[in-house]
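Student: Below: one structure in structure tokens.
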Amino acid sequence: ASDWSSDVCSSDLSSMIDVIKAEILLSQIENGCNVTIVGDPDQLPSVGAGAVLRDLINSEIVPTVCLEKVYRQAEGSSIISNAELINKGNTNVRVNKPDFFFEPAVSAAATADHMIKLYQEKVRVYGWENVTLLSPFRKADSPTSTKALNKRLQELLNPEAPGKESAKVSEDLTLREDDIVMQEKNAEGISNGDIGRILYIKKNEEDKNFAICVKYGEVEHIYTKNTA
């Protein structure tokens, strides 16, 4: 429809929309409404079948606007120029410290050691709120998995101490006051991916229940044994 005053449906990170979700969404849109899809075809692909966003753009039937200026990194960042090269199939990336560089490692264990070292260095300079350590492995049996790295970082940055309360939330995860945590699904007032710090933990020894208070920016959220 050409009447842009009508209702608009907007979807972010739409590179992850598969054909089934697209069919469900579009079948619910009334005639006369505009649908604005916001996303990046070079971002995460869908888990299910289909590359809806990329196919819509490549069809040249749907009006498309591409943003050409990146605001997330500083001007002249190697991250930006290298991303453009990789998207064009050019692997001759520009190595330029401090924002884009390669570090050699002889094993997964050595890689994990170096990741921990770099993380600690950057946290001392920029603060924990501005540094994120990423790994492509989550629960894999590897020293570089997020499970293994998180355990090591907890012992280094937030070890057990007298008066510091903790709570065992699963067989292989114990959280402590002052731990840095990430929300993994949308909830009231917080979103998937939000990062916060545990303010306090209160436990009821009689029923083994607990309450964990996490602060995300200005928002405080309480988790219990059933919701953690």
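Student: Per-residue accessible area for residue 182 at 1.4 Å probe radius, Å² rounded to 10?
Tutor: So the heavy atoms of residue 182 present about 110 Å² to solvent.
Student: Just the number please: accessible area per residue for region 29-148, 1.4 Å probe, all protein chains included, in Å². Mind dumping the intermediate values first?
Tutor: Values: 9190 Å² over 120 residues.
Per-residue accessible area for region 29-148 comes out at 77 Å².
Student: Go through (1) 47, 37, 34; (2) 56, 43, 37; (3) 66, 48, 32 and flag the label whose value is the computed Cα extents along the principal axes in Å for this structure.
Tutor: (3)
Student: Output the relative contact order of region 101-228, whole-number percent, from Cα pairs under 8 angstrom with separation of 6+ residues. List each step's numbers first, then the result.
Tutor: Values: 158 pairs, mean separation 15.8, N = 128.
Relative CO of region 101-228 lands at 12 percent.
Student: Now for a different question. What is the helix-to-structure angle for 78-87, meaning the angle in degrees between its Cα long axis and the longest Cα principal axis of the chain, kept from 0 to 90 and rounded to the nearest 10?
Tutor: Taking the Cα atoms of the chain, the angle to 78-87 is about 50 degrees.
Student: Then there's this: Tell me the angle of helix 146-157 to the major Cα principal axis of the chain, expressed in degrees between 0 and 90 and rounded to the nearest ten.
Tutor: 50
Student: Could you check the simple spin-label distance between residue 218 and residue 43, using points 7 Å along Cα→Cβ, in nm with one decimal?
Tutor: Simple spin-label model gives 2.5 nm for this pair.
Student: Something else about it: Mind giving me the FRET efficiency for residue 54 and residue 211? R0 is 45 Å, r the Cβ-Cβ distance, nearest 0.05 is fine.
Tutor: On the way: r = 45 Å, r/R0 = 1.00.
So the FRET efficiency works out to roughly 0.50.
Student: Which lysines have a Cα less than 28 Å from the Cα of residue 88, not counting those fewer than 8 places away in the same chain?
Tutor: 69, 97
Student: So what's the convex hull volume per residue for the Cα atoms of region 120-228, in Å³? Let's see the in-between values first.
Tutor: Values: hull volume 13.4 nm³, N = 109.
Value for region 120-228: 123 Å³ per residue.
Student: Would you work out what percent of the accessible area of region 96-228, with all protein chains in place, is carbon or sulfur (probe 1.4 Å)? Don't jump to the answer; show the numbers that get you there.
Tutor: Values: 4750 of 9270 Å².
Reported share for carbon and sulfur atoms: 51 percent.
The values are calculated or read from the model by the stated rules, or taken from the named source; none is laboratory data. No experiment lies behind these values; they were computed from the predicted model shown. Neighbour counts run over all protein chains shown; Cβ positions are idealised from the backbone, glycine included. Please note that ligands, DNA and RNA were not included when accessible areas were found on the heavy atoms of the full protein model with its side chains. Shrake-Rupley method; radii C 1.70, N 1.55, O 1.52, S 1.80 Å.
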